[in-house]
1. From Arg104, Arg29, Arg56, Arg73, which residue is at pLDDT below 70, part of a helix (DSSP H, G or I) and basic (Lys, Arg)?
2. Which residue out of Glu290, Glu252 is open to solvent by 60 Å² or more (accessible area, probe 1.4 Å), in a helix (DSSP H, G or I) and at pLDDT below 85?
3. Yes or no: Glu314 surrounded by 10 or more Cβ atoms within 10 Å (Cβ to Cβ), modelled with pLDDT of 75 or more, over 30 Å from Ser12 (Cβ atoms) and not polar (S, T, N, Q)?
4. Scanning for something among the hydrophobic types (A, V, I, L, M, F, W, C), open to solvent by 100 Å² or more (accessible area, probe 1.4 Å) and either assigned to a helix (DSSP H, G or I) or in contact (Cβ under 8 Å) with a residue 40 or more places away in the chain (or both), does segment 144-160 turn up at least one residue?
Amino acid sequence: MARAASARDHESALERKQVIERRKEEQERLMAEKKAAEDAEERRLEAERKKEEEARLEREAKRREREKLEKMRAELQVQEAKEQMKALGKDVGDEIINMKEEERQKLIKDQRDKQRKAEQNEAKKMLEQSKRLDYITRALRLEELPVLEARYAKRLEEDRARHDAQYVESVEKGKVDHAAALLEKKRLARVQSHREKWEAGVLAARKAAYVKARADAEQQHKEEAIARKVARARRRREDYLDDLERARAEDEERAYEAAADALRAEEERAWEAQQAERREAEEAQRREEEEKRAAEIARHRAEAERLRAERAAEAEAADAQERERRQAADGPSDWRRGGARPDD
């Protein structure tokens, strides 16, 4: 009996422990889910607040930009109105700033009309003065005409006389120069034969110098052409070597990147394999623990069943013994022996 009670107590304790552990795990899971939901909600609210703040800042920036543009437009309109009024001959102060745009335009129109009327009056006055000056000038010209004609005739006669004198002087000077040239030609006739020889020598020297200069120029041109070809070849060789070096560096960089990628991939695969092994080990350990717990529970249940069966058998045997004892204590019944019952 004591062993059966102990087994029941042990089984109840195990069941209560499992229930407590399940409730604890469930509570921890619910708390984790609640914490995750609260964190997600907090992140969502923070994102919404950030989005609203960005929208507010953008609206504020647009409002400030719009106010700035409106202020600049108003200042520009005031400045244009001042310049227009100044161009129309009227200086205005800061009182134009407080005017409305219609009032400024009306002020500008009135000033423009006033200036146009003044210009028309001035043009009319200038036309009248021009007509009057024209009448005076025409009258003066009519009076000066005879004097101008006499003056022109006198100047024409003076110019004609001066031209004739210059012509005669030029003819005389030409005759003198011609005679001097004839004398110079006669003086130089004695060296005419030597001139041809001298000219031939000068021309030969000049020709030789020209041939030498041309040969030197051609040689210099050839040397410069060769130097340019060598320079171009060197540049092409340097460019080729640079291209090779660049290609080699790019190949090395690509190989290094490929090796680094392969190493990272290998490390990731190794890490994933380690994680998979760890998860498999944890899963195997969990299954083993569950199997142990299940085996322990099954063993306790079997023990409890065995104890209950034994208790039932013992109880049944005790009941049978009790019945036998009572039967033995009571003796055979009178009605089985055929006697009358006491009540009869």
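1. That would be Arg104, the only listed residue that is at pLDDT below 70, part of a helix (DSSP H, G or I) and basic (Lys, Arg).
2. Step by step, each of Glu290, Glu252 is checked, and only Glu290 is open to solvent by 60 Å² or more (accessible area, probe 1.4 Å), in a helix (DSSP H, G or I) and at pLDDT below 85.
3. The answer is no for Glu314.
4. no
For (1) at pLDDT 70 or above; (2) among the small types (Gly, Ala, Ser), each residue gets a yes or a no:
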site	(1), (2)
Lys90	no, no
Ala118	yes, yes
Leu142	no, no
Leu156	yes, no
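The values are calculated or read from the model by the stated rules, or taken from the named source; none is laboratory data. What you see is a predicted model, and the numbers here were worked out from it, not measured in a lab. Positions of Cβ are backbone-derived with ideal geometry, glycine not excepted, and every protein chain shown enters the neighbour counts. Only protein heavy atoms, including side chains, enter the accessible area calculation; ligands, DNA and RNA are left aside. Shrake-Rupley method; radii C 1.70, N 1.55, O 1.52, S 1.80 Å.
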